[in-house]
Amino acid sequence: MLICVDGTGAIGNVNYAVHTMGSFVGMIYYGSHLPNRKYYRGPDFSGIGPKLTKPDDLYQQIRYFWQQGDRQIVMTGYSRGAAIVINTAAI
């Protein structure tokens with residue numbers, strides 16, 4: 001499985017997509033052929049915001065893939081997204 005969390009960006013989804021277009025995390029996600037993969041946007045510039053992905057969100061996704069029999073966990077993140085990935089790994 002592949003879990004990706006991108007870095008901090010603009011509040012709106014369209015502005016965020018433009019801001020993170022071509023990001024390394026995005027390239028890893030879109031270049032992967034793994035069947036079990038999930039991309040999460042990073043937090044907005046406030047550091048929290050309504051789109052904040054929490055480590056528990058990633059943990060639940062990992063559990064879902066794990067229950068499907070996928071036992072190899074690969075996670076990547078950038079900036080605050082990397083902090084979310086690290087906190088998820090600690091869980």
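The values are calculated or read from the model by the stated rules, or taken from the named source; none is laboratory data. Computed from a predicted model, the values in this text were never measured in an experiment. Here the Cβ positions follow ideal geometry from the backbone for every residue, glycine too, while neighbour counts run over all protein chains shown. Accessible surface areas use protein heavy atoms only, side chains included; no ligands, DNA or RNA. Shrake-Rupley method; radii C 1.70, N 1.55, O 1.52, S 1.80 Å.
Within this structure, Tyr78 passes the test of being among the aromatic types (Phe, Trp, Tyr), touching an Asp or Glu at 6+ places or on another chain (Cβ under 8 Å) and at pLDDT 80 or above.
Can you find, within the range 36-69, the residue that is modelled with the highest pLDDT among those that are over 21 Å from Phe24 (Cα atoms) and of a type in the set (Gly, Ala, Ser)? First the steps, then the outcome.
Just the residues of the range 36-69 that are over 21 Å from Phe24 (Cα atoms), to begin with: 46, 48-50, 56-57, 59-69.
Next cut, of a type in the set (Gly, Ala, Ser) only: 46, 49, 69.
Numbers: Ser46: 69, Gly49: 60, Gly69: 97.
In this case the residue turns out to be Gly69.
One residue stands out among those in the range 70-84 that are in a helix (DSSP H, G or I) and under 18 Å from Tyr30 (Cα atoms): the one that is least open to solvent (accessible area, probe 1.4 Å), which is Gly81.
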